[in-house]
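Peer 1: Here's a structure for you.
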Amino acid sequence: MLRFLAKNLLGIAAMVTASPLALAAPGSEKENMTGWNHFVWGAEVGGSIDMTSNGLSSINADAYFGYKNAWIDAVGVGASVNMMVNNSVRTYPVYALLRTDFSSGRGLVFMDLRGGIAINNLTYSDTQTSLYLSPGIGFNLARGRSFCSYMTLSYIYNGLRPFDLGDHRCDVDGLSMACLRLGIRF
């Protein structure tokens, strides 16, 4: 029984890993992925506008790394530094990333999903850890053999709780932001 189960699991694993490569368009860059060609990393810079009117708009810097194949542009982990421009509040999101255009060829538009935690370093309060979610849509700008530049427009939810900000109290019950990022991946 154990031998039968192991044989079937190995067969299923082989089909799952080989099928995206078999479905790649002939002549596409995704067709010949082997070894280190499945490794992806990237960096982004951008800005976020606070939609909750608490003066917490930010400038962001992100970095990530992970795996790619014919159908998935990136699945991995990333981290960000979000520096608020009106005060010295900083948030440090650490997240899992999924990016795909739902095709094996070169797509113009892709889906960008991020989820994890945000470590919020507040000015006059303790550090808070909260939920971080960021669904978005992206647009590829330029491509070469080893890189792709892109722009993403996304929503950011940071589960920030109320805190004191010097002379006033920020009654935040979750921070909602609109975010624009420019990035490059290799």
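The values are calculated or read from the model by the stated rules, or taken from the named source; none is laboratory data. Just so it is clear, the structure is predicted and the values come from calculations on it, not from any experiment. All Cβ positions, even for glycine, are placed from backbone atoms using ideal geometry, and neighbour counts span all protein chains on display. Only protein heavy atoms, including side chains, enter the accessible area calculation; ligands, DNA and RNA are left aside. Shrake-Rupley method; radii C 1.70, N 1.55, O 1.52, S 1.80 Å.
Peer 1: How far apart, in nanometres, would the label points at VAL81 and ARG169 be if each is projected 7 angstrom from Cα along the Cα-to-Cβ direction?
Peer 2: Distance between the two pseudo-spin positions: 3.2 nm.
Peer 1: Under 12 Å from the Cβ of CYS179, count the other residues' Cβ atoms, weight Lys and Arg +1, Asp and Glu -1, and hand me the total. Show your work: numbers first, answer last.
Peer 2: Details: positive: ARG114, ARG181; negative: GLU44, ASP50, ASP62, ASP112.
Net of charged neighbours comes to -2.
Peer 1: Which FRET efficiency value, to the nearest 0.05, is calculated for SER103 and ARG143 with the Förster distance at 22 angstrom and r the Cβ-Cβ distance? Don't skip to the answer; put the middle values down first.
Peer 2: Values: r = 14 Å, r/R0 = 0.65.
About 0.95, to the nearest 0.05.
Peer 1: Find, among the trypsin sites (Lys or Arg not before Pro) in segment 77-144, those assigned to loop by DSSP (not H, G, I, E, B) with at most 14 other beta-carbon atoms within 10 angstrom.
Peer 2: Counting only loop positions with at most 14 other Cβ atoms within 10 Å, the trypsin sites (Lys or Arg not before Pro) in segment 77-144 are ARG106.
Peer 1: Another question, then. If PHE186, PHE102 are ordered by their accessible area, calculated over protein heavy atoms with a 1.4 Å probe, which sequence runs from highest to lowest?
Peer 2: Values: PHE186 75, PHE102 140 Å².
Correct descending sequence by accessible area is PHE102, PHE186.
Peer 1: A follow-up question, please. Multiply the residue separation of LEU153 and LEU180 by 0.36 nm, subtract the distance between their alpha-carbon atoms, and state the gained length in nm to one decimal.
Peer 2: On the way: separation 27, 0.36 × 27 = 9.72 nm, distance 0.48 nm.
My answer for the length gained is 9.2 nm.
Peer 1: Hey, another quick one. Based on alpha-carbon centroids, what's the gap between segment 55-82 and segment 157-176 in Å, whole number please?
Peer 2: Taking the Cα centre of each part, segment 55-82 and segment 157-176 sit 24 Å apart.
Peer 1: Measuring with a 1.4 Å probe in the full set of protein chains, what accessible area per residue, in whole Å², belongs to segment 90-186? Before the final figure, lay out each step's value.
Peer 2: On the way: 4690 Å² over 97 residues.
Per-residue accessible area for segment 90-186 comes out at 48 Å².
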